[in-house]
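Below: the structure, in structure tokens.
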Amino acid sequence: MMWLAGCGGSSTSPPGQLPPIAAAPVKNAQADVAYIGTKRCAACHRAEETSYHHTAHSKALAELDLDAEPPDGEFSDPISQRHYRIYRQDGKLRHEESIRTSAGEPLILCDLPVRYVIGSGSFSRSYLVDRDGFLFESPATWYTAPKEWKLSPGYDTGNLGFQRPVELRCLVCHAGRVEPIERSPQRVALSALAIDCERCHGPGELHARKWDGAIASKRTSTEHDDTIFNPASYDRQLGEDVCAQCHLHSAATVELRGRSLLDYRPGRKLSDYLAHYTPQAPKTEMKVVGHVEQLRLSRCYQADSKLTCLTCHDPHDETPLPARSASHREKCLKCHTEQSCKASSENRRATTVPDDCVQCH
């Protein structure tokens, strides 16, 4: 049995016709409002732009920077019997795939320069290559903790080599804006790399037009501004929908007929564009992109109608890894107390990170 997340009561629309898209509380949710790019935002929002570069969102997708890449290396896949070499040549990072012939000689199957890097590097860095205008994933990924090159995620059960296409639906949650070329999902144009300001706040044309040339005191005004969407200023569902674009992957996610995630603008209802199907008895284990689903299953979320993703996560900054455990605990203690925890002090301090709420919860 499955249930459909985000659906309301019966619709008055004729059978087979989708309900109209709900009105948005901000003007920049309209389809004709233009995107202006993060550099324009940074002209007035310097502090947010500076701290944003500490976040994983800012590193979700980037053009290759050779100096920032891990050391060269090589490894073999014993199942497919393919060998991989990662090396620098002529100012490029190249990934090479080869096998051994029956005579024991190496036979190169593919040798390509890397164009894009996926991932912040906190856990791993995966790579995309460009073949005649089409993007493909490299089989080689750098894993940060063990500091080694290994097969990319998913390749251990079926090694596709350099034949795994990276389509629009793969890139839409790593890039700020991505568009199909000539309506083909296999060829894409990246209008903005990484997850940028306008991915969460919506296009900035109207907002910039309103505030360009304004004196500093007006720029810091707290008056309501309907030219931009601020997830913290509206009801929980609309704010969560911004995060759910990419952090809610249910058992099945289906685009509504004639609509797509590319049409969604912050301030709109995501359920007007996507249908998320979830089992009636949801699984409790954590998924890579199941953050919103897991949050909604939590007792904290169900007990407090004001608790949202932003209660614990600052989208404009990221706590350094060594301080993250203490930061998480501090946020828990804003609502809970030391006495809320029923575990003994001895048991709490015996966890991998001592007295860490996240270790148990």
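The region of the chain that goes longest without hitting one of the GluC sites (Glu not before Pro) in a DSSP loop, each with at most 10 other Cβ atoms within 10 Å, is 1-181. Here the dipole of the chain is about 680 debye; that uses its Cα centre as origin and unit charges on the Cβ of Lys and Arg (positive) and Asp and Glu (negative). How long are the semi-axes of the ellipsoid equivalent to the chain, from square roots of 5 times the Cα gyration tensor eigenvalues, in whole Å, largest first? Equivalent ellipsoid of the chain: 36, 28, 24 Å, largest first. Testing the spin-label approximation: label points 7 Å from Cα along Cα→Cβ at E346 and S76. State their distance in nm. Those two pseudo-labels are separated by 5.1 nm. Taken over the alpha carbons of the stretch 113-169 as equal point scatterers, the Debye sum produces base-10 log I(q)/I(0) values at 0.22 Å⁻¹ of -0.86. Any idea what log10 I(q)/I(0) is at q = 0.10, 0.11, 0.12, 0.19 Å⁻¹ for the stretch 61-171, Debye with uniform C-alpha scatterers and no solvent? Treating every Cα as an identical point scatterer, log10 I(q)/I(0) equals -0.27, -0.32, -0.39, -1.00.
For a quick check, take a GNM of the chain with Cα springs below 10 Å and name the residue from I99, I195, I228 with the largest mean-square fluctuation. The residue that fluctuates most here is I99. When the Gaussian network model of the chain links Cα atoms closer than 10 Å, the mean-square fluctuations of R177, R100, R88 top out at R100.
Pairs over the 24 Å Cα-Cα cut-off, from the set K269/K306; K92/K147; K39/K92; K210/K306: K39/K92; K210/K306. When only Cα pairs below 8 angstrom with a gap of at least 6 residues are kept, the chain shows a relative contact order of 18 percent.
Evaluate the Debye formula for the stretch 319-360 with equal point scatterers sitting on the alpha carbons, no solvent, and hand back log10 of I(q)/I(0) at q = 0.14, 0.24, 0.28 Å⁻¹, in q order, two decimals. Computed log10 I(q)/I(0) values: -0.30, -0.84, -1.06. How far is helix 321-332 tilted off the main Cα axis of the chain, in degrees rounded to 10, range 0 to 90? Its long axis makes an angle of about 30 degrees.
Each value in this text was obtained by applying a stated rule to the coordinates, not by laboratory testing. These numbers come from a predicted model, not from an experiment. Because the Cβ atoms are built from the backbone with ideal geometry, glycine has one as well, and the counts that use them run over all protein chains shown.
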